[in-house]
Amino acid sequence: MSKESISVFDIFKIGVGPSSSHTLGPWRAALRFIHTISQTGIDKVKSVRVLLYGSLAKTGKGHGTDVAVILGLCGEDPVTFDVNQITPRINEISSQKNLNLGGKRTLSFDPQVDVVFLMNESLPHHPNALTFLCSFEDGNEIAETYYSVGGGFVIKEGENGKNSNGVELPFPIEKAADLLHWCLKTGLSISEVVMENEHAWRSESDTKQGVLKIWEVMRDCTYRGALIDGELPGGLHVKRRAASLNKKLLKGRIYNSYNEWIEAIQMGGQGFQYTLDWVSCFALAVNEENASFSRVVTAPTNGAAGVVPAVLQYFITFCDGYDENKIIQFLLTASEIGSIFKKGATLSAAMGGCQAEIGVSSSMAAAALTECLGGSVRQCLMASEIAMEHHLGLTCDPVGGLVQVPCIERNTMGAIKAITASQLALQSNPDNARVSLDNVVDTMWQTALDMNHKYKETAEGGLAVHIPLGLKEC
């Protein structure tokens, strides 16, 4: 059986918030569909419709699924598209009732009619399904169904869902036991094994450059989110808190750049409460940006995008980790843990609840922090296991179908748990651990299968049905 080959750049993707499975995934699916009809003859297309099923339908409005699909149909790239132009572009398409398909063919298109939310229909393969229907001037029609399976990963109906792409890795890894085997056999750290595998796709210098670009987007998102005040979009009237917390903690210290900001933070010392508040601020900043349709990095999802950057920012700020090689080490290690969870369980809240998002991100961050603080491979895996063990069963119950309540605060909790898990592992002997990372991955997947569907990103259970919409304080 072929092994699944997952790169660091499959786990960490630059895109647009608020959801990797409900925004970025459908956007990428639309781009794949545009590629298909371009080969058939995009200049002969008469009409296009999109059908959204299951979780994509039930929480698609709050997640901007319709917006993402439309921009994808226009041929826009989520990595580079100016997020400030999202609302003007969608308003223009809605008012004119046409879109420029793939940037090449202007069609009549009414978002209110041609994007269909099928609330009561779900396809068997995955809750996040969407179908593109296309008719041509000669009467021919085609239909393609895609599944957004979490973390921005998309598979077309009929594909096996494995990211092999014909790439054979020198150190194939399906489980944590495989990772441990290669590390012990070679004497390499987790991040070094990952770097060796990345050579199957590109040079080491290209990998390092790409990982630093991922970090730059995380850094800019964190810094930007810590400066912007106001209210989040969507109708819940949730007030942004990172900026006010940032201002309160700095007590008037002046800064004009990211580097000066870090220096200003460090001037406040390293007290426990102070450090804890900053970790929360970092995570809040990222996910408030995510909720505002800003540019973020899936880590491994958008809903959990704040955990890894917050813990990495903690390492940089309070552990003297502002070193490019350390940042690369951190992100490479985190990505491998994320890939193990994708292979053995899921990164999709629509399949596994929030344990698949916040739980996985916390597990990734815990292992990465542990390696960067000098932990052994066994301690890294132990930290990863501890972090997930205490997220098992976490439901996904977004109020109003928005990635705001309780999602934003959950990122702060995931970051704190990751740091705690790392500290526990660093002060422990992994030989005495009774639960392995593979045990917890299997348990997470079984828990996902047992979980009631209403707790899987449907907004039909939990807080989503007990909190009235329009609540002023969350």
Practice task
For region 324-366, name all the residues that are of a type in the set (Ser, Thr, Tyr) and farther than 24 Å from Val193 by Cα.
Solution key: Ser348
Handout entry: Residue in region 33-68 that is surrounded by the most Cβ atoms within 10 Å (Cβ to Cβ), counting only those that are closer than 22 Å to His125 by Cβ and basic (Lys, Arg)
Key = Lys58
Practice task
Answer yes or no: is there a residue in region 375-384 that is farther than 23 Å from Phe272 by Cβ, hydroxyl-bearing (Ser, Thr, Tyr) and not in a helix (DSSP H, G or I).
Solution key: yes
Handout entry: Meets criteria (more than 19 Å from the chain's Cα centre (by Cα), surrounded by 24 or more Cβ atoms within 10 Å (Cβ to Cβ) and not aromatic (Phe, Trp, Tyr)) for Ala383
Key = yes
Practice task
Report, ordered by the first and then the second residue, all pairs with beta carbons closer than 6 Å, sequence separation of six or more or different chains, a first member in region 74-96 that is touching a residue at least 60 places away in the same chain (Cβ under 8 Å) and more than 16 Å from Arg28 (Cβ to Cβ), and a second member that is exposed (fewer than 15 other Cβ atoms within 10 Å of the Cβ) and polar (S, T, N, Q).
Solution key: none
Problem - Matching entry among Leu169, Leu71, Leu180, Leu130 (being modelled with pLDDT of 95 or more, under 21 Å from the mean Cα position of the chain (by Cα) and under 26 Å from Ala356 (Cα atoms)) - result: Leu130
Exercise for the section: Please enumerate the residues belonging to region 168-199 that are in contact (Cβ under 8 Å) with a residue 40 or more places away in the chain and farther than 18 Å from Gly338 by Cβ. Expected result: Glu168, Leu184
Exercise for the section: Would you confirm whether any residue within region 207-221 is in contact (Cβ under 8 Å) with a residue 24 or more places away in the chain, of a type in the set (Gly, Ala, Ser) and surrounded by 14 or more Cβ atoms within 10 Å (Cβ to Cβ)? Expected result: yes
Problem - Single residue of region 97-134 satisfying the filter (touching a strand residue (DSSP E or B) at 6+ places or on another chain (Cβ under 6 Å) and without any contact (Cβ under 8 Å) to a residue 24 or more places away in the chain) that is surrounded by the fewest Cβ atoms within 10 Å (Cβ to Cβ) - result: Thr106
Completion exercise
When Asp431 is run through (1) farther than 22 Å from Gly64 by Cβ; (2) among the charged types (D, E, K, R); (3) crowded, with 24+ Cβ neighbours inside 10 Å, the failure sits at (3)
Practice task
Kindly indicate whether any position in region 233-249 is hydroxyl-bearing (Ser, Thr, Tyr), more than 24 Å from Phe293 (Cα to Cα) and more than 24 Å from the chain's Cα centre (by Cα).
Solution key: no
Problem - Residue match in region 10-30 (condition: surrounded by fewer than 24 Cβ atoms within 10 Å (Cβ to Cβ), in contact with a helix residue (DSSP H, G or I) (Cβ under 9 Å, 6 or more places away or on another chain) and either farther than 20 Å from Leu347 by Cα or aromatic (Phe, Trp, Tyr) (or both)) - result: no
Exercise for the section: Report, by residue number, each residue of region 1-53 that is of a type in the set (Asp, Glu), under 20 Å from the mean Cα position of the chain (by Cα) and either part of a helix (DSSP H, G or I) or on the phi > 0 side of the Ramachandran plot (or both). Expected result: Asp10
Problem - Selected residue [touching a residue at least 12 places away in the same chain (Cβ under 8 Å), more than 26 Å from Val149 (Cα to Cα) and either buried (at least 24 other Cβ atoms within 10 Å of the Cβ) or out of contact with any Gly (no Cβ under 6 Å at 6 or more places or on another chain) (or both)] from Phe282, Phe315, Phe341, Phe330 - result: Phe282
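One line per residue, one yes/no per condition, for (1) closer than 30 Å to Ser436 by Cβ; (2) touching a Lys or Arg at 6+ places or on another chain (Cβ under 9 Å):
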| position | (1), (2) |
| --- | --- |
| Gln270 | no, no |
| Phe315 | yes, yes |
| Gly321 | yes, no |
| Glu336 | yes, no |
| Ser339 | yes, no |
| Leu347 | yes, no |
Handout entry: From Ala368, Ala350, Ala415, Ala383, residue being at pLDDT below 95 and of a type in the set (A, V, I, L, M, F, W, C)
Key = Ala350
Practice task
Go through region 424-473 and give me each residue that's hydroxyl-bearing (Ser, Thr, Tyr) and either assigned to a helix (DSSP H, G or I) or more than 25 Å from Ala176 (Cβ to Cβ) (or both).
Solution key: Thr443, Thr447, Tyr455, Thr458
Completion exercise
The residue from Gly393, Gly414 that alone is surrounded by fewer than 18 Cβ atoms within 10 Å (Cβ to Cβ), in contact with a helix residue (DSSP H, G or I) (Cβ under 8 Å, 6 or more places away or on another chain), touching a residue at least 40 places away in the same chain (Cβ under 8 Å) and closer than 27 Å to Pro468 by Cβ is Gly393
Fill in the blank from the handout: Among residues of region 222-242 being in contact (Cβ under 8 Å) with a residue 24 or more places away in the chain and either among the acidic types (Asp, Glu) or part of a helix (DSSP H, G or I) (or both), the residue farthest from Asp277 (Cα to Cα) is Arg224
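The values are calculated or read from the model by the stated rules, or taken from the named source; none is laboratory data. Being a predicted model, the structure only gives us computed values, none of them experimental. Here the Cβ is made from the backbone with ideal geometry for all residues, glycine too, and neighbour counts use every protein chain on show.
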